[in-house]
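Q: Sharing a structure here in structure tokens format.
Read-outs throughout are calculated quantities, based only on the coordinates presented, and are distinct from any laboratory measurement. What you see is a predicted model; the values in this text were computed from it and never measured. Positions of Cβ are generated from backbone atoms using ideal geometry, with glycine treated the same way; all protein chains shown enter the neighbour counts.
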Amino acid sequence: MKLEKIRAVEERLLLPTYERSAVLFVGGEGVHLIDENGDRYLDLLSGIGVNALGYGHPAIEEAIARQSRALIHTSNLFFHEGQAELAVRLTGRTGLDRVFFANTGTEAWEGALKLARAHAGLLRNEGKPIGTRFLALEQSFHGRTFGSVSTTWKAKYREPFGPVVPGVDFVRFNDVADLRAKFSGEVCAILVEPIQGEGGIRPLTKEFFAEARTLATSTGALLIADEIQSGMGRTGKWCAYQHYGILPDVTTLAKPLAGGIPLGAVVCTEDAARAIHAGMHGTTFGGGPLACAVAIAVIDAIEKQNLLAHATEVGDYFQHQLRQLAASHEAIVDVRGRGLMLAAELDSAELAKLTVSEMLKRRIVINCTSDMVLRFLPPFLIECPHVDRAIDALNEILTEHAAAAGATQPAAQTQEV
Ligand SMILES: *Cc1c(COP(=O)(O)O)cnc(C)c1O
């Protein structure tokens with residue numbers, strides 16, 4: 001089926017949850033996607049931060065082929081070879097002790113929330129009074145299932161489905177005084193994204209993150225870091241919290257974890273894990289042999305190809321070039337992020353939308369989050385010349401827009417290389 005036909009059928013048969021861009025991708029190679037006409041697109045979004053190793057990576061293809069011939073699914077009632085091997089890798093790289101495997105980000109997040117409630121119950125049984133409330137942050141995003149939307153800030157994700165899970169308070173982002181004011185013995189966990197993703201690529205300040213750690217420790221509440229978007233090397237370290245030198249009690253991983261095969265993980269301390277015993281929590285598909293084999297291959301490829309250092313290097317270059325661009329375009333009001341998790345905030349939602357579609361016309365895939373924030377989550381394999389191509393295209397689009405809007409600033413000269 002070609003695009004127009006597919007679009008017509010989808011309009012009739014699917015729940016209208018997405019407004020898709022009018023492009024039909026049928027393949028990919030490296031950091032490029034290929035559409036039905038064979039046209040190549042530079043991908044700076046990676047399927048929303050999932051395709052860390054791009055497209056057609058031999059290590060992923062080999063793992064899928066090998067494991068699909070051997071065993072795809074067993075259920076969690078039996079052993080298979082993948083979970084232990086993957087757990088060794090994840091605990092080593094996160095600095096935490098134990099893993100629960102799930103399928104998606106939101107399922108991992110639900111597991112983390114349940115763990116926090118169970119852990120608080122354990123503390124109460126041990127004679128330590130602690131409540132059941134969660135502190136989440138404004139602009140947070142943790143997923144679409146009930147616990148996850150309940151801890152997600154934007155009303156549009158929560159309110160149509162109310163009542164959502166009770167017991168959640170939102171703290172103003174990076175506002176230490178508000179955090180102190182809202183924290184109490186009633187709180188069982190503080191929930192953060194070290195760098196907020198959907199909320200607009202906003203890093204926590206060191207002061208705020210450290211205060212969250214101190215407060216949680218003072219009562220036995222858990223500090224839970226959602227690294228579903230920022231984790232697995234995107235920021236140049238395995239987890240973004242490692243840039244802060246702060247260890248949470250629990251972290252959640254998903255998006256890039258198995259290079260495009262669905263897989264999520266909750267990773268936690270030995271102390272938090274005391275709250276869970278056999279039969280309390282589970283999943284049919286989570287941590288299956290196929291997903292685990294691919295995740296092992298992804299982690300090994302990231303190390304073999306030295307992609308943490310690469311993400312840091314190309315990410316720094318990308319951020320520098322975005323700052324140069326911002327210096328000559330008033331429409332860019334801020335540039336943020338770390339490694340290959342970057343954003344350029346524009347001064348209007350309309351311009352942000354236009355920029356995404358103009359980039360797509362130039363065969364470059366980006367997206368826009370929080371209305372005005374251009375988001376860049378490229379595959380870890382991206383090179384500086386790809387960045388240059390994107391910066392040139394952004395410069396062209398913003399220059400044309402400024403000219404059309406009758407602005408007086410001259411066409412900007414942004415390229416140094
Ligand atoms: C995407 C995302 C989720 C939800 O993951 P799904 O796999 O879509 O359920 C949760 N938290 C963060 C930070 C995310 O970026």
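Q: Roughly how many nanometres apart are two label points built 7 Å out from the Cα toward the Cβ at A8 and K206?
A: With each label placed 7 Å out from Cα toward Cβ, I get 6.0 nm.
Q: Using mean Cβ contacts within 10 Å as the protection proxy, how do 364-370, 271-277, 103-109 order, highest first?
A: Packing order, densest peptide first, comes out as 103-109, 364-370, 271-277.
Q: Determine, from the Cβ-Cβ distance of V333 and L360 and an R0 of 22 Å, the FRET efficiency 1/(1 + (r/R0)^6), rounded to the nearest 0.05.
A: According to the calculation, E is roughly 0.45.
Q: Oh, and also: Amide H neighbours of A189 under 5 Å, at least 5 residues apart or on other chains, H built in the peptide plane: list them.
A: Placed amide hydrogens put L135, L222 under 5 Å from A189.
Q: If packing is taken as the average count of other Cβ atoms within 10 Å, what order do 128-138, 68-78 fall into, highest mean first? Let's see the in-between values first.
A: Values: 128-138: 19.2, 68-78: 11.3.
Per-residue mean Cβ counts within 10 Å order the peptides as 128-138, 68-78.
Q: Given labels modelled 7 Å from the Cα in the Cβ direction, how far is it in nm from Q305 to K154?
A: 3.0 nm
Q: Once the Cα atoms of helix 289-304 and of the chain are each reduced to a long axis, what angle between those two axes, in degrees from 0 to 90 to the nearest 10, is obtained?
A: Result, in degrees: 60.
Q: Can you compute 3J(HN,Hα) from phi for each residue in region 247-261, using the Karplus curve 6.51 cos²θ - 1.76 cosθ + 1.60 with θ = phi - 60°, rounded to whole Hz and x for Gly and Pro?
A: 9, x, 7, 9, 9, 10, 10, 6, 1, x, 4, 10, x, x, 7
Q: Run the dipole for region 58-304 about the Cα centre, Lys and Arg Cβ at +1, Asp and Glu Cβ at -1, nothing else charged, and hand back the magnitude in debye, nearest 20.
A: For this selection, approximately 220 debye.
Q: With r defined as the distance between the Cβ atoms of R180 and F25 and R0 fixed at 60 Å, what FRET efficiency is calculated, to the nearest 0.05? Intermediate values should be presented prior to the final figure.
A: Details: r = 48 Å, r/R0 = 0.79.
With R0 = 60 Å, the Cβ-Cβ based efficiency is 0.80.
Q: Let me ask you something else. Compare the Cα positions of A405, L394, C239 along the charge dipole of the chain (+1 at Cβ of Lys, Arg; -1 at Cβ of Asp, Glu; about the Cα centre) and return the one farthest towards the positive end.
A: C239
Q: Figure the gain on full extension for F146 and E400 (residue separation times 0.36 nm, minus the Cα-Cα span) and round it to one decimal in nm.
A: Details: separation 254, 0.36 × 254 = 91.44 nm, distance 4.35 nm.
Extra length from F146 to E400 when fully extended: 87.1 nm.
Q: Moving on. Would you tally the net charge around T104, using a Cβ to Cβ cut-off of less than 11 Å, leaving T104 out, and scoring K and R as +1, D and E as -1?
A: 0
Q: Continuing with the same structure: Take peptides 303-315, 242-254 and line them up by average Cβ neighbours within 10 Å, highest first, as a rough protection proxy. Walk me through the numbers before you get to the answer.
A: Values: 303-315: 17.3, 242-254: 23.4.
Highest to lowest by the protection proxy: 242-254, 303-315.
Q: Report the calculated FRET efficiency for E138 and H281 (r = Cβ-Cβ distance, R0 = 25 Å), to the nearest 0.05.
A: For R0 = 25 Å, the calculated efficiency reads 0.30.
Q: What are the ³J(HN,Hα) values, in whole Hz, obtained from phi via the Karplus relation 6.51 cos²θ - 1.76 cosθ + 1.60 with θ = phi - 60°, for each residue of region 80-90 in sequence order, with x given for Gly and Pro?
A: Running phi through 6.51 cos²θ - 1.76 cosθ + 1.60 with θ = phi - 60° gives 9, 6, x, 5, 5, 5, 6, 5, 4, 5, 6 Hz.
Q: For N367, list long-range residues whose amide hydrogen, built 1.01 Å from N in the peptide plane, is under 5 Å from its own amide hydrogen.
A: R375
Q: As a test of the formula, what do you get for the chain when each DSSP H run with n ≥ 4 contributes -39,500 (n - 2.57) and the sum is divided by the residue count, at 222 nm and rounded to the nearest 500 deg cm²/dmol?
A: -12500 deg cm²/dmol
Q: Could I ask something else about it? Once amide H atoms are built 1.01 Å from N in the peptide plane, which residues 5 or more positions from V168, or in another chain, come under 5 Å H to H?
A: Under 5 Å from the amide H of V168: F134.
Q: Got a sec? Charge dipole of region 58-304, +1 on Cβ for Lys and Arg, -1 for Asp and Glu; which of I276, F173, L204 is way out at the positive end?
A: Going by the Cα projections, it comes out as F173.
Q: When a/c is below 1.5 the answer is rounded, else prolate if a/b is larger than b/c, else oblate, so apply that to region 58-304 with a ≥ b ≥ c taken from the square roots of the Cα gyration tensor eigenvalues.
A: Prolate shape, in that a/c is at least 1.5 and a/b is the bigger ratio.
Q: If I fit a long axis through the Cα atoms of helix 206-219 and take the longest principal axis of the Cα atoms of the chain, what angle between them do I get, 0 to 90°, rounded to 10?
A: For 206-219 against the chain, the angle is about 20 degrees.
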